[in-house]
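Worksheet: one structure, shown below.
The values are calculated or read from the model by the stated rules, or taken from the named source; none is laboratory data. These numbers were taken from a predicted model, which means no experiment stands behind them. Reconstructed Cβ throughout: ideal geometry from the backbone, glycine too, with neighbour counts over all protein chains shown. Quick note on the areas: whole protein, heavy atoms, side chains included, nothing else; ligands and nucleic acids left out. Shrake-Rupley method; radii C 1.70, N 1.55, O 1.52, S 1.80 Å.
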Amino acid sequence: MAMLDEPLYPIAILIDELKNEDIQLRLNSIRRLSTIARALGEERTRKELIPFLSENNDDDDEVLLAMAEELGVFIPYVGGVEFAHVLLPPLETLCSVEETCVRDKAVESLCRIGSQMKESDIVDWFVPLVKRLAAGEWFTARVSSCGLFHIAYPSSPDMLKAELRSIYGQLCQDDMPMVRRSAASNLGKFASTVEQSHLKTDVMSMFEDLTQDDQDSVRLLAVEGCAALGKLLEPQECVSHILPVIINFSQDKSWRVRYMVANQLYELSEAVGPETTRSDLVPAYVRLLRDNEAEVRIAAAGKVTKFCQILGPALAIQHILPCVKELSSDSSQHVRSALASVIMGMAPVLGKDATIEQLLPIFLSLLKDEFPDVRLNIISKLDQVNQVIGIDLLSQSLLPAIVELAEDRHWRVRLAIIEYIPLLASQLGVRFFDDKLGALCMQWLEDKVFSIRDAAANNLKRLAEEFGPEWAMQHIVPQVLDKMNNPHYLYRMTFLHAIALLSPVMGSDITYQRLLPVVINASKDRVPNIKFNVAKVLQSLLPIVDSSVVEKTIRPCLVELSEDPDVDVRYFAHQAIQSCDQLMISG
């Protein structure tokens, strides 16, 4: 009897836990559905588990979301593709719930299952489900149905296709704005499955209905569909059907719609081709760059460089550059920041003369902007300008501004400059670097902010890697070692950290001759924090120096530290001694 009852045991646990008041137990149970299905076998999963889930009217969204996700990968547990249709009823129920994320996940799972089903099963099971949802009394079902048409349509016979197109057209004119929104956002997917002949008639009429909707939330989703539809149509069709809509949308009374146009305009320009872009889209784009809403200007400013690439230098200078000059002194810092993040890319498009004449003054004004993000966005893209105008001009025009930023009162600005120093160093070359930026790099080691000091130490290591140990021996090491006598222990800790970072780059000999004596000397410091950092540094030097140095110099120092009155110093000294022992054993 016990043997017979055993297979029932997992389903019994599931049912008990699914009805449990504790949401965590219900969730765990749902997430173990695949394990339970394997225990039950395919037939009992189809006949008992799935019907049970269909009837399960759990009211917790988290449980329903987990169920929608699990069912999407359940085909193997019900006996493969030929039985996939048994998974549709519980997901159909989930498509009608109130919580959006549950519905979205149920639609996603239905699409995953539908894409694996046989064509005949789609016609027999999937299409009726889509029709039922589309005719649902409650708007949530109709919202969900819009996301399923692109799966149902390709496998359907012609009469059924005509019916599906007609139903989708009705959804585009639904009384509820949420349904029309869903129809608008899914139109691109549906259109990609519709035949060319119907695309120009049925789908374009749906699109026109949506573009004239009185709700701006529907219209802005229709804008998204413009780019998708544009790619499906021939260029001349695109110009006659999509272009007027876009031009119209760029002057829409709702700023959200205009914002969407600004975001999508570049993709649309690809669909209509360069000629039409130059003649028709540029005026619309210029309007958006001068829009009275900052959000629209931000979106448009972010596309400046891409647009200039399509237009070429002459048109870019004529139409776009005047707007760029205006935007560089825009009242919104976010607009200036968006512009700063892309404006450097204009230099290769405009060429050397126009960059020097027109863009450099704009770069300089943005480099001196009061908002840190604007300045950072310019610094991070300097290499693009360097390729166009050359290092001499770049250094004369922009470097004074960079040096000014290196002493900025905002520590995050100083930090960003430090992070770009190795990049600047590789672009400027060693001679130039020594003249202009070398002193700054040392100055940062004594900054008031720890993050700056830490970044400055890492910066020295990256510079030593860039210019080589000999350069570092001449320009970095002596200055770092001199500073070890700084009266403030926090700065002495920074220099210790810098020594630890430089050692692997400098190699065994210099570490032994120049760096190690300074570290050993620091072990006599009166501040415990310095002493335990000495123990850490000595531990990091073990792989770099010879084993004889470890035994004669490093170990005695660590032994001395291991007897220090301070508990932390003793702890780190013991850690380092253990590393010494392991090194000797492995060596």
Can you divide the C-alpha Rg of the stretch 337-376 by 2.2 N^0.38 Å and report the result to two decimal places?
1.14
If the viscosity is 0.890 mPa s and the temperature 25 °C, what translational diffusion coefficient in µm²/s does Stokes-Einstein give for the stretch 146-185 when Rh comes from Kirkwood over Cα pairs?
234 µm²/s
Whole-Hz Karplus couplings 3J(HN,Hα) for the stretch 194-210, θ = phi - 60° and coefficients 6.51, -1.76, 1.60, Gly and Pro as x, run 7, 5, 3, 4, 7, 4, 6, 9, 4, 5, 5, 5, 4, 4, 5, 4, 5
For the stretch 214-268, what is the charge dipole size about the Cα centre, in debye to the nearest 20, if Lys and Arg each add +1 at the Cβ and Asp and Glu each add -1 at the Cβ?
180 debye
Rank Ala354, Ser269, Ser332 by how far each Cα sits towards the positive end of the charge dipole of the stretch 259-377 (+1 on Lys, Arg Cβ; -1 on Asp, Glu Cβ) and give me just the farthest.
Ala354
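With a 1.4 Å probe and every protein chain kept in, tell me what percent of the accessible surface of the chain is carbon plus sulfur. Numbers along the way, then the final one.
Working: 13280 of 26470 Å².
Answer for the chain: carbon and sulfur cover 50 percent of the accessible area.
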What residue among Ile421, Met442, Gly79 has its Cα farthest toward the positive end of the dipole of the chain, where the charges are +1 on Lys, Arg and -1 on Asp, Glu, each on the Cβ?
Met442
How large is ³J(HN,Hα) for each residue in the stretch 119-136, as worked out from phi by the Karplus curve 6.51 cos²θ - 1.76 cosθ + 1.60 (θ = phi - 60°), to whole Hz, x for Gly and Pro?
4, 5, 5, 4, 5, 6, 10, 6, 4, x, 4, 4, 5, 5, 5, 5, 9, x
Between 0 and 90°, nearest 10: helix 235-249 axis offset from the chain longest Cα axis:
80 degrees
Please list the three semi-axes, largest first and in whole Å, of the ellipsoid equivalent to the stretch 168-271, using sqrt of 5 times the eigenvalues of its alpha carbon gyration tensor.
19, 18, 10
Matching label for the computed P(r) over Cα pairs in 10 Å bins from 0, in percent, out of (i) 3, 15, 22, 24, 18, 10, 5, 2, 0, 0; (ii) 3, 15, 21, 20, 16, 12, 8, 4, 1, 0; (iii) 3, 13, 15, 13, 13, 16, 16, 8, 1, 0, is (iii)
Helix-only [θ]222 nm of the chain, DSSP H runs n ≥ 4, -39500 (n - 2.57) each, per residue, nearest 500
-20000 deg cm²/dmol
Rounded to whole Å², per residue accessible area for the chain with a 1.4 Å probe reads 45 Å²
Given charges at beta-carbon only (K, R positive; D, E negative), |dipole| of the chain in Debye:
1780 debye
Using only the heavy atoms of the protein chains and a 1.4 Å probe, how would Lys47, Lys536 rank by accessible area, largest first?
Lys47, Lys536
Degrees, to the nearest 10: 8-18 long Cα axis against longest axis of the chain
80 degrees
With angles folded into 0 to 90 degrees, how steeply does helix 489-506 sit against the dominant principal axis of the chain? Use alpha carbons for both and round to 10.
80 degrees
For the stretch 249-328, the spread of Cα positions along each principal axis, largest first, Å:
31, 29, 16
Calculate the all-directions average of the projected area of the stretch 425-514's alpha-carbon convex hull, and give it in nm².
5.5 nm²
Using the Cα centre of the stretch 512-587 as the reference point, and only Cβ charges (+1 on K/R, -1 on D/E), how large is the resulting charge dipole? Debye, rounded to the nearest 20.
220 debye
Scale the Cα Rg of the stretch 453-587 by the rule-of-thumb value 2.2 N^0.38 Å and send over the ratio, two decimals.
1.01
What pairs from Lys131/Lys253; Lys448/Lys536; Lys161/Lys253; Lys325/Lys381 go past 27 Å between their alpha carbons?
Lys131/Lys253; Lys161/Lys253
